[in-house]
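Chemist: This is the structure, below, for whatever I ask next.
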Amino acid sequence: MYALFPIFMSALQDKHAEVQSNAAYGVGAFIETATIDASPYFGDVLKALFPLIQMTDNTNNARDNAAGCVARLILENADAVPLSDVLPAWIGALPIRGDHLEDLPVYDAVCYLLKNKRSEVEACLPALMAVLKQAMSDPDTLFTEESRQYLGSL
């Protein structure tokens, strides 16, 4: 598994959106399942994901998978993510539009940030609430039961 991480990181720079999308998912899966502290890699991961998060379209779900990867970083170790810098771009890439399996980590991460009253969220709260309203009204959006209940109570 760990031998694949550098391959995924390199593939985030590939010229093909499908390869980038798969790489973003692979990096996120690595972070989610790593048995080591992967937070020293977060800076490099975020730099590599930024162009995907900023995409104006969602070709081959690259933006969705990048957003899911960022969510997994937040869930793994939010203190290792420069939230003030990351949240505006991440929230701008939401809601998930194609790969709704990425909804699960994304809205779990949103709940984590809100429940833990992360101060960095306050500046983004209007945009985040607009995303949540849109996501909650979309029948294709997936939520864990815990996230659905928490977000529904806001």
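Just so you know, all these numbers are worked out from the coordinates, no wet-lab data involved. No experiment lies behind these values; they were computed from the predicted model shown. For neighbour counting, all protein chains shown are included, and Cβ atoms are generated from backbone atoms with ideal geometry for every residue, glycine included.
Chemist: Say each of Ser119 and Asp85 gets a label point 7 Å from the Cα, pointing the same way as Cα to Cβ; how far apart are those two points in nm?
Modeler: Placing both labels 7 Å beyond Cα along the Cβ direction yields 1.9 nm.
Chemist: Something else now. Work out from phi, with θ = phi - 60° and the Karplus expression 6.51 cos²θ - 1.76 cosθ + 1.60, the ³J(HN,Hα) of each residue of the range 57-73, listed in order in whole Hz, and give x for Gly and Pro.
Modeler: 10, 10, 3, 6, 6, 4, 5, 4, 5, 5, 5, x, 5, 4, 4, 5, 4
Chemist: For the chain, what is the calculated [θ] at 222 nm in deg cm²/dmol (nearest 500), taking -39500 (n - 2.57) for each run of four or more DSSP H residues and dividing by its residue count? Write down the numbers at each step before the final one.
Modeler: Details: 9 runs with 100 residues, N = 154.
It comes out at -19500 deg cm²/dmol, rounded to the nearest 500.
Chemist: Shape of the range 5-99 from its Cα gyration tensor (a ≥ b ≥ c, root eigenvalues): rounded if a/c is under 1.5, otherwise prolate when a/b > b/c, or oblate? Walk me through the numbers on the way to the answer.
Modeler: Numbers: a/c = 1.72, a/b = 1.20, b/c = 1.44.
Oblate, because a/c is 1.5 or more while a/b does not exceed b/c.
Chemist: Here's another thing I want to ask about it. Return one number: the angle in degrees, 0 to 90 and rounded to the nearest 10, between the long axis of the Cα atoms of helix 17-33 and the longest principal axis of the Cα atoms of the chain.
Modeler: Its long axis makes an angle of about 80 degrees.
Chemist: Here's something else I'd like to know. Taking only C-alpha pairs under 8 Å that are 6+ residues apart, what is the relative contact order of the chain in percent? Let's see the in-between values first.
Modeler: On the way: 177 pairs, mean separation 31.3, N = 154.
20 percent.
Chemist: Same structure again: What number, in percent, do you get for the relative contact order of the range 64-154 if the mean sequence gap of Cα pairs under 8 Å and at least 6 apart is divided by its residue count? Before the final figure, lay out each step's value.
Modeler: Details: 77 pairs, mean separation 32.5, N = 91.
Relative CO of the range 64-154 lands at 36 percent.
Chemist: Do any trypsin sites (Lys or Arg not before Pro) in the range 63-130 lie in a loop, going by DSSP, with at most 13 other beta-carbon atoms within 10 Å of their beta carbon, and if so which?
Modeler: Working: sites: Arg63, Arg72, Arg97, Lys115, Lys117, Arg118; in loops: Arg97, Lys117, Arg118.
Loop-located and lightly packed - Lys117.
Chemist: Just check the range 30-154 against the gyration tensor rule for me: Cα atoms, a ≥ b ≥ c as the square roots of the eigenvalues, rounded for a/c under 1.5, and otherwise prolate or oblate depending on whether a/b exceeds b/c. The partial results should precede the final answer.
Modeler: On the way: a/c = 1.41, a/b = 1.20, b/c = 1.18.
Rounded, because the longest to shortest axis ratio a/c is under 1.5.
Chemist: Run the reach check for Lys133 against lysines, Cα to Cα strictly under 27 Å, same-chain hits fewer than 8 apart removed. What comes back?
Modeler: Lys115, Lys117
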